[in-house]
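Working notes, structure below.
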Amino acid sequence: MSENCHCHPHHHEDEERPHSKYEQAFGKFSPAPDDAAVHNAVTRLLEEKKAGYDTPEVKKQLLAAVELTTLKVTDSQESVLRFTEKVNRFADQHPDLPSLATICVYPNFARIVSESLEADGVEVACVSGGFPSSQTFLEVKTTETALAIHDGATEIDCVLNVGSFLSGDYETCSDEISEIKAACSGRPLKVILETGALTTSDAIKRASILSIYAGADFIKTSTGKIEPAATPEAAFVMCQTIREYFELTGTRIGFKAAGGISTVSDALSYYTIVRELLGPEWISEGLFRIGTSRLANLLVSDIIGEDCKPF
């Protein structure tokens, strides 16, 4: 684990390795509720609280949380430039509306985005580390990350080594995240858990804890490349873990929902979970993000009261 891990393993001869320090980290947190309990808690929370957040002000906050994303096999220098110019044009035409949080692209497009982006306050996020499968050499993951940062990326999204995690090889998972974080040169790192592949609340909680201790600044639900992608249940478990970590350490970790979030109602569900479990500071400090390619147009249309497609 990285140096910010607060685990202190006891050195007993019969202690199992290399899992002992990770199990101690897991033990600092409450057990994850079973899947049915999580589903019931999410259903109840959304029924009681979501309608109260369906306001113009919250929709503006949601717009400010959007990471406008293009991760297509057909992406090109020309298409990504046009994509970026739409964000610039939107900022010029709607100075009264908040800027988006980021433009999120593949690493080879970091330079074109960083050189052409003119909208104030919009970060350049790149998926890295063998996205979306994380199935490549660590040297490739760290080099790709360093190259993206060199070309202008200001944030990095990488994928947890899910195969190693499900095999119980927490050492590999932790070491990879720590190495990728080092390659970020101080820039924020979001670790994608790919929650649809983890299948249980307990696995999602363990993956969240592992990623945070290894150096994640944000934990993120999904790549959007497998089903199921983001779910309110996964978000609930992840936000519970973030809250417990804050209570243990005083450090705020961000949360990003991504994958299949295509309606304003979807976005309001995730906003409600973050707002109720973590509090307003996560919203005001930019620690809540939504990765999407479709939602931004719907939010803008809803806010201004007419159908438009600026992106």
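The values are calculated or read from the model by the stated rules, or taken from the named source; none is laboratory data. Predicted, not measured: the structure shown is a model, and the values here were computed from it. We place every Cβ from the backbone using ideal geometry, glycine too, and count neighbours over all the protein chains shown. To get the accessible areas, we keep the full protein, side chains included, count just its heavy atoms, and leave off ligands, DNA and RNA. Shrake-Rupley method; radii C 1.70, N 1.55, O 1.52, S 1.80 Å.
Just from the alpha-carbon atoms, what are the Rg and Dmax of the stretch 144-216 in angstroms?
In order Rg, Dmax, the Cα atoms of the stretch 144-216 give 12.4, 38 Å.
Can you match Cα Rg over 2.2 N^0.38 Å to one of these, (1) 0.98; (2) 1.13; (3) 1.05, based on a calculation from the structure here?
Recomputing Cα Rg over 2.2 N^0.38 Å here picks out (1).
With a 1.4 Å probe and all protein chains left in place, how much accessible area per residue does the chain have, in Å²?
Per residue, the chain has 43 Å² of solvent-accessible surface.
Within the chain, what's the longest run with no trypsin sites (Lys or Arg not before Pro) in a DSSP loop and at most 15 other beta-carbon atoms within 10 Å? Give the range, please.
73-224
Scan the chain and report its longest stretch carrying no GluC sites (Glu not before Pro) that are both in a DSSP loop and have at most 13 other Cβ atoms within 10 Å.
Between exposed loop sites, the widest span is 119-284.
Consider all pairwise Cα distances in the stretch 85-134 and report the whole-number % of them above 13 Å.
Result: 58 percent of Cα pairs exceed 13 Å.
Please state the Cα pair-distance histogram of the stretch 40-102 with 10 angstrom bins from zero: what percent is in each bin?
With 10 Å bins starting at 0, P(r) equals 18, 33, 26, 18, 5.
Name the residue from Leu277, Gln24, Tyr53 whose Cα lies farthest towards the positive end of the charge dipole of the chain, charges +1 on Cβ of Lys and Arg and -1 on Cβ of Asp and Glu.
Sorting the options by dipole projection puts first Tyr53.
Using a simple charge model, +1 on the beta-carbon of Lys and Arg, -1 on the beta-carbon of Asp and Glu, nothing else, what dipole does the chain show about its Cα centre, in debye to the nearest 20?
The dipole magnitude comes to about 500 debye.
Given C-alpha coordinates of the stretch 79-179, what is the ratio Rg to Rh with the Kirkwood estimate of Rh?
A ratio of 1.09.
How big is the dipole moment of the stretch 109-183 about its Cα centre under a simple scheme where the beta carbon of each Lys and Arg is +1, that of each Asp and Glu is -1, and everything else is neutral? Debye, nearest 20, please.
Result for the stretch 109-183 is approximately 140 debye, rounded to the nearest 20.
Percent of accessible area on the stretch 42-189 owned by carbon and sulfur, 1.4 Å probe?
50 percent
Straight-line reach from Lys141: which lysines have Cα under 29 Å away, leaving out those fewer than 8 places along the same chain?
Lys21, Lys72, Lys181, Lys190, Lys205, Lys220, Lys225, Lys256
At 4 °C and 1.567 mPa s, grab the translational diffusion coefficient of the stretch 169-281 from Stokes-Einstein with a Kirkwood Rh over Cα pairs, rounded to a whole number in µm² per second.
It comes out at roughly 91 µm²/s.
Could you sort Asp202, Asp157, Asp307, Asp75 by accessible area so the largest value comes first, with the probe set to 1.4 Å?
Largest accessible area first, the residues go Asp307, Asp202, Asp75, Asp157.
Distances over 26 Å make up what percent of all Cα-Cα pairs in the stretch 103-232?
Counting every Cα pair in the stretch 103-232, those more than 26 Å apart make up 18 percent.
Return the FRET efficiency for the residue pair Asp302, Glu118: r is the Cβ-Cβ distance, R0 is 25 Å, and the value is rounded to the nearest 0.05.
0.50
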